[in-house]
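Before any comments, here is the structure.
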Amino acid sequence: MKHWFFISPQELGKSSIVLKGEILQHFKALRLQEKDKVVLSDGRGRACLALIDKLAPEGARVSVLKEIEEAGGPPLDIILFLGILKGDKMELVVRSSVELGVKTIVPVFTDRTVVQMEEGKKQKRMLRWQKIARSAAAQCRRSYLPQVAVPVNMEEITSFIEDREVVFVPWEEEKGRSLYQALEGQGRVFPRRAAVFTGPEGGFSKREIEMLTAIPAVCTVSLGRRIMRAETAPLFVLSILMFLWGDAGGVRPDGSTLQNSRIPVKGEE
Ligand code: SAH
């Protein structure tokens, strides 16, 4: 499989491109040679096969050979709202959730978030997470570059939620509804725009659960009797959603759905 790199849409519009900086370093680290082929993507769904014409210390000249057929956008658009976690746990979730196919990650300062950041640091952190998302996307050959938002407060999440058909909020104190039941409740039609919101190490506060459940699309769910770590829970839910509604199972690459991949509703089997 070819190595995959992200460049700007403007650059990808040219037939011959000179790559410098980080990408050039990356070429060297991978020991790529002249006449090797790579894939260049604009991170917005376009990807092209390109040939390395010339490799010099000051830049690599590549020529675009052809567009790579893509199956279109990700079949399922998932936003992951993530109660901000300590240090490298956050990085782990960003990296793994990109591999699992998340489209947007929104880090959220919740009542029990331990990490504090000054205004200036928020942007810096976001850039670091975005870099991790970029390298994870290149590694798993995604032509969509997932976005990491600047960390927000609980009060600011509503604008992201507006267009969501369903928002699953795993909550360990939810006793009435399992994730399975919530998925079953979605019925025959697969949502195209979903979200998952998991809490930080200390979980959500009562106030936050009240705030969230006042939003119509929000559905609090139990993930079972075992309390998962804050970094495990989002990955667990994303895997299930991708299996049922994403390209890991329920939806074919052309967007059509497999009838039998839906969870059967009781009495209907
Ligand atoms: N307060 C908890 C830990 C929270 S776990 C404790 O007793 O230690 C961190 C996050 O993971 C939670 O906010 C929730 O979103 C999710 N989570 C973990 N296990 C869960 C479960 N069994 N059911 C629902 N959500 C869970």
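The values are calculated or read from the model by the stated rules, or taken from the named source; none is laboratory data. Since this is a predicted model, take the numbers as computed values, not measurements. Positions of Cβ are backbone-derived with ideal geometry, glycine not excepted, and every protein chain shown enters the neighbour counts.
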Please enumerate the residues belonging to region 109-126 that are in contact (Cβ under 8 Å) with a residue 60 or more places away in the chain and either hydrophobic (A, V, I, L, M, F, W, C) or part of a helix (DSSP H, G or I) (or both).
-> Val114
Residue among Val98, Val93 that alone is in contact (Cβ under 8 Å) with a residue 12 or more places away in the chain, touching a Cys at 6+ places or on another chain (Cβ under 9 Å) and assigned by TED's automatic domain parsing to the domain that holds Glu201 = Val98
Residue count, region 76-86, condition modelled with pLDDT under 95 and within 16 Å of the ligand (Cβ to nearest atom), comes to 1
Restricted to region 167-177 and to residues being near the ligand (Cβ under 9 Å from one of its atoms) and within 14 Å of Arg225 (Cβ to Cβ), the residue nearest to the chain's Cα centre (by Cα) is Pro170
Would you pick out the residues in region 183-235 that are within 13 Å of the ligand (Cβ to nearest atom) and surrounded by fewer than 18 Cβ atoms within 10 Å (Cβ to Cβ)?
-> Glu201, Gly202, Ser205, Lys206, Gly224, Arg225, Arg226, Ile227, Met228, Arg229, Thr232
Could you tell me whether region 63-75 includes any residue that is more than 26 Å from the chain's Cα centre (by Cα), surrounded by 18 or more Cβ atoms within 10 Å (Cβ to Cβ) and either farther than 24 Å from Val102 by Cα or modelled with pLDDT of 95 or more (or both)?
-> no
Given the conditions (1) in contact with a strand residue (DSSP E or B) (Cβ under 8 Å, 6 or more places away or on another chain); (2) modelled with pLDDT of 95 or more, every one holds for Ala137 apart from (2)
Please work out if Pro9 is out of contact with any Ser or Thr (no Cβ under 8 Å at 6 or more places or on another chain) and within 27 Å of Ile240 (Cα to Cα).
-> no
Unmet requirement for Val114, which otherwise passes all of (1) over 28 Å from Ala217 (Cα atoms); (2) in the same structural domain as Lys206 (by TED's automatic domain parsing) | (1)
Glu184 vs. criteria over 16 Å from Ala217 (Cα atoms) and out of contact with any Lys or Arg (no Cβ under 6 Å at 6 or more places or on another chain) | no
Flag for Pro170 being touching a residue at least 60 places away in the same chain (Cβ under 8 Å), farther than 28 Å from Gly43 by Cβ and surrounded by 14 or more Cβ atoms within 10 Å (Cβ to Cβ) = yes
Do we find that Leu238 is within 20 Å of Ser96 (Cβ to Cβ), within 7 Å of the ligand (Cβ to nearest atom), surrounded by 19 or more Cβ atoms within 10 Å (Cβ to Cβ) and touching a residue at least 12 places away in the same chain (Cβ under 8 Å) in this structure?
-> no
